[in-house]
1. Just checking, which of D68, D101, D81, D59 is over 25 Å from A42 (Cβ atoms) and among the charged types (D, E, K, R)?
2. Considering each residue of region 15-36, count those that are in contact with a Pro (Cβ under 7 Å, 6 or more places away or on another chain) and among the acidic types (D, E), and give that number.
3. Of all residues in region 121-148, which are of a type in the set (G, A, S), under 21 Å from the mean Cα position of the chain (by Cα) and assigned to a loop (DSSP other than H, G, I, E, B)?
4. Collect the residues in region 105-114 that are assigned to a loop (DSSP other than H, G, I, E, B), among the hydrophobic types (A, V, I, L, M, F, W, C) and touching a residue at least 60 places away in the same chain (Cβ under 8 Å), keeping them in residue-number order.
5. What's the number of the only condition in (1) farther than 15 Å from R196 by Cα; (2) at pLDDT below 95; (3) in contact with a strand residue (DSSP E or B) (Cβ under 9 Å, 6 or more places away or on another chain) that A287 fails to meet?
6. Look at P50 and say whether it is under 18 Å from the mean Cα position of the chain (by Cα) and surrounded by fewer than 24 Cβ atoms within 10 Å (Cβ to Cβ).
7. Can you confirm whether A179 is of a type in the set (G, A, S) and surrounded by fewer than 24 Cβ atoms within 10 Å (Cβ to Cβ)?
8. Restricting to region 12-39, count the residues that are within 17 Å of the chain's Cα centre (by Cα) and within 20 Å of R134 (Cβ to Cβ).
Amino acid sequence: MAEPGPRNLITDVPGLLVGQAQDEAGCTGTTVVLCEAPAVAAVDVRGGAPGSRETELLDPAVLIRRVDAIVLSGGSAFGLDAAGGVMEGLAAMGRGFAVRDVLVPIVPAAILFDLAFAGRRRWSGEPPYRRLGREALAAAGQDFRLGNAGAGLGAKAGRLKGGIGSASLRLGDQAIVGALVAVNSWGSTVRPDCGRLWAAEQALAGEIEPQPGLPAGPLDPEDFSACAASAAAANIGANTTIAVVATNAPLDKSGCRRLAIMAQDGLAQAIRPAHTPFDGDTVFALATGENGEVDPATLARLGSAAASCLARAIMRAVMEAAPLGGLASWRQLWASG
């Protein structure tokens, strides 16, 4: 039987820590995945309105092979400054890519739009994201909050409150796969007729509580209008789902790229519709393993596990989110208890 790691978090993958920081009044925040040692990385972008930093470095043809951290942040393009704060903290630790006698931390980032979140207080002067990046790095550890935290504080999932989610999965050969996601999707994470999470079929034992009174028949997967009816208003660039998947397997950059590509299937399983013109859906992949090679069949199995983990992480983000800014939470509307 498939089982999660001990925390059911991306930090079950050895060598990874996660830190988060929020601006509560501004309904925004930052989440950092810290690699305890530089890790191989790649990225796959599917949304029509992405916002990112240093993603070109992750192309397999580019010199840089490993990264020090990955940042997910609210704040739209302002939030990209969070990576600068993380770089400052890493440089103070003596971390970074060596260029002669200078160390330059490598910190790719992706952002979501939360600047129109209801009830947020606009900042005056310097935006808070550089500070939030430093604070999130300083808070990095193995345990972290889901739901209304970090980059997920001001996130929406269609017409529900979104947030931060994470999940992991143990494979039979000592391999572990994990996912971390900030869900701010235009599409819906639930069936519009009953609130059943699209990713419920991916749930492991104990991850989701029973929902009585579900309709007997399936919803037509081609019925876009039913999904769109429970999605958010169409504002280009105002939504996105940004994520990191990771494994302790020894992947190269091409392998990490395939892991990120396959993980996007999990995003599409948990959100309908996904990869729209209004979203900036972006998935980073990390590999912390040092020795050995992975054959194509093993890579396919890792990619399948990454898709499952990302779908479950999206589900957990919505389940753990609390009402905020006039947005109802999934638990408030549909949880059995």
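1. Unique residue meeting the criteria: D101.
2. Result for region 15-36: 1.
3. Going residue by residue through region 121-148, those that are of a type in the set (G, A, S) are 124-125, 133, 136, 138-141, 147.
Narrowing further to those that are under 21 Å from the mean Cα position of the chain (by Cα): 133, 136, 138-141, 147.
Listed by number, the residues that qualify are A139, A140.
4. Step one: filter region 105-114 for residues assigned to a loop (DSSP other than H, G, I, E, B), giving 105-108, 112-114.
Subsequent filtering for residues that are among the hydrophobic types (A, V, I, L, M, F, W, C) retains 106-107, 112-113.
If the condition is that a residue be assigned to a loop (DSSP other than H, G, I, E, B), among the hydrophobic types (A, V, I, L, M, F, W, C) and touching a residue at least 60 places away in the same chain (Cβ under 8 Å), then I106, L112, F113 are the ones that fit.
5. So the condition that A287 fails would be (2).
6. Values: under 18 Å from the mean Cα position of the chain (by Cα): yes; surrounded by fewer than 24 Cβ atoms within 10 Å (Cβ to Cβ): yes.
When the stated conditions are applied, P50 passes them.
7. Taking the combined requirement at face value, the residue does not satisfy it.
8. Number of matching residues: 15.
The values are calculated or read from the model by the stated rules, or taken from the named source; none is laboratory data. Only a predicted model underlies this, so the values are computations on that prediction, with no experimental measurement involved. Ideal geometry is used to build each Cβ from the backbone, glycine not excepted, and the neighbour counts take in all protein chains shown.
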